[in-house]
Amino acid sequence: MSTTFWIIIAGAVATYLTRVGGHLVISRFENIHPRVEAGLNAVPAAVLTTLVAPAVLGAGPAEWAALIVTALVSLRGGLMAMFLAGTAALILARQFVG
Amino acid sequence: MTAEAISESRAQSDFWDGVRLSMPVVVASAPFAVLFGALAVDNGFSVLEAFLMSAMIFGGASQMVGIELFGQHVAPWLVVLSIFAVNFRHVLYSAGIGRRIAHWPVLQQALGYFVLTDPQYAIAEARAESGRPVGFVWYMGLGLPVYVFWVIESALGAVFGKLIPDTHALGIDFLLPIYFLGLVLGFRKRPLWLPVVAASAAASIIAYKTVGSPWHVSIGAVAGVLLAVILPPHHSGVGKRP
């Protein structure tokens with residue numbers, strides 16, 4: 001079996017644990033400590049930011065333009081509108097600055 | 001009608017009620033499934049592997065993160081850990097929905113947790129809050145179409161991904177940062193969002209420049225989470241329920 005297969009299987013097990021684990025573990029406690037809850041709330045934004053920030057730093061004007069458009073559309077639209085606008089801006093900008 | 005026929009027709013209408021609610025989710029997730037397939041191939045996955053990942057993990061953002069890190073030749077355990085980290089929010093959904101489905105047989109519960117995605121949680125929780133029962137048949141009517149379309153469209157995306165000649169002109173190499181930025185912005189109503197994002201961004205950039213990839217992911221994530229833990233609870237908006 002290749003490494004990729006093992007990554008997929010381990011990732012699937014890890015994901016299933018998160019989906020069943022909250023019920024199995026957290027339901028045993030009366031309430032979660034506020035600081036733990038605050039930490040849990042911060043997880044998605046903290047992880048996802050690390051995937052954007054270094055990419056922004058290494059990118060050029062076309063990519064920056066796309067990210068700015070994405071951020072602007074996010075004030076009004078949903079994830080799909082945001083993503084499509086950012087992608088359109090990226091494709092358009094790359095025609096000019098490569 | 002016999003009692004059996006009545007309960008069967010009720011089960012059928014429950015199922016189709018769920019299917020009806022699943023349709024917007026199916027439509028909205030379709031582009032991401034196709035995109036995932038195309039990007040997976042672009043990052044070195046085979047079509048079968050892209051299909052398997054969608055069928056076994058069934059979590060869009062975590063799959064995107066997984067293939068991105070895989071493409072950067074990050075250590076396998078860190079790819080798995082990152083998938084776990086991105087999906088960690090499900091722990092909260094699980095704790096929430098557990099109260100609603102605790103009366104199901106264990107095998108049905110096990111299956112129910114497998115399809116517990118963001119929209120699945122949101123829609124099921126809304127139904128429970130409106131006072132209607134969250135039954136297994138209704139729940140699967142909602143979850144199954146999303147799952148089946150997700151898996152098929154991922155495989156299609158992977159097949160088409162192989163046919164795209166110039167990925168740079170189409171911007172495919174930079175679609176993931178755009179997608180992730182969209183997800184980050186989607187969480188902006190959460191307490192402490194800006195300080196957490198700022199801390200994670202700063203820490204990940206510094207780590208990227210010093211320690212190097214892939215460590216910037218874990219270091220940046222830990223920085224943001226630690227900040228949320230350390231700040232006094234009245235800033236984080238938890239612990240005081242109306």
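Results, tabulated for the structure shown:
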{"item": "Qualifying residue in the range B:160-167 (condition: open to solvent by less than 10 Å² (accessible area, probe 1.4 Å) and touching a helix residue (DSSP H, G or I) at 6+ places or on another chain (Cβ under 7 Å))", "result": "no"}
{"item": "One residue from B:HIS73, B:HIS103 being more than 22 Å from A:PHE83 (Cβ to Cβ) and modelled with pLDDT of 90 or more", "result": "B:HIS103"}
{"item": "Filter result (facing chain A (nearest Cβ under 9 Å) and farther than 18 Å from A:THR15 by Cβ) within the range B:38-87", "result": "B:GLY44, B:SER46"}
{"item": "Subset of the range B:190-237 [outside any helix (DSSP H, G or I), modelled with pLDDT of 85 or more and not β-branched (Val, Ile, Thr)]", "result": "B:PRO191, B:LEU192, B:LEU231"}
{"item": "Selected residue [under 22 Å from A:GLU37 (Cβ atoms), free of Cβ contacts under 8 Å to residues at least 24 places away in the same chain and either open to solvent by less than 40 Å² (accessible area, probe 1.4 Å) or assigned by TED's automatic domain parsing to the domain that holds B:VAL19 (or both)] from B:ALA110, B:ALA102", "result": "B:ALA102"}
{"item": "Enumeration of residues in the range A:11-42 that are among the β-branched types (Val, Ile, Thr) and modelled with pLDDT of 80 or more", "result": "A:VAL13, A:THR15, A:THR18, A:VAL20, A:VAL25"}
{"item": "Matching residues, the range B:142-173, being acidic (Asp, Glu) and in a helix (DSSP H, G or I)", "result": "B:GLU153, B:ASP173"}
{"item": "Subset of the range B:168-205 (residues that are touching a residue at least 40 places away in the same chain (Cβ under 8 Å) and open to solvent by less than 40 Å² (accessible area, probe 1.4 Å))", "result": "B:ILE172, B:LEU175, B:LEU176, B:TYR179, B:PHE180, B:LEU183, B:LEU192"}
{"item": "Some residue of the range B:84-104 being under 28 Å from B:LEU170 (Cβ atoms) and in a helix (DSSP H, G or I)", "result": "yes"}
{"item": "Qualifying residue in the range B:40-50 (condition: of a type in the set (Ser, Thr, Tyr) and either more than 21 Å from B:ILE67 (Cα to Cα) or buried (at least 17 other Cβ atoms within 10 Å of the Cβ) (or both))", "result": "no"}
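Every residue, every condition in (1) open to solvent by 40 Å² or more (accessible area, probe 1.4 Å); (2) within 7 Å of chain B (Cβ to nearest Cβ); (3) aliphatic (A, V, I, L, M); (4) over 29 Å from B:PRO24 (Cβ atoms), yes or no:
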position	(1), (2), (3), (4)
A:VAL20	no, yes, yes, no
A:VAL43	no, yes, yes, no
A:LEU48	no, yes, yes, no
A:LEU72	yes, no, yes, no
A:ARG76	yes, no, no, no
A:MET80	yes, yes, yes, no
A:PHE83	no, yes, no, no
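The values are calculated or read from the model by the stated rules, or taken from the named source; none is laboratory data. A quick note: this is a predicted structure, and the numbers were derived from the prediction, not measured. Reconstructed Cβ throughout: ideal geometry from the backbone, glycine too, with neighbour counts over all protein chains shown. Calculation scope for accessible area: heavy atoms of the full protein, side chains included, ligands and nucleic acids excluded. Shrake-Rupley method; radii C 1.70, N 1.55, O 1.52, S 1.80 Å.
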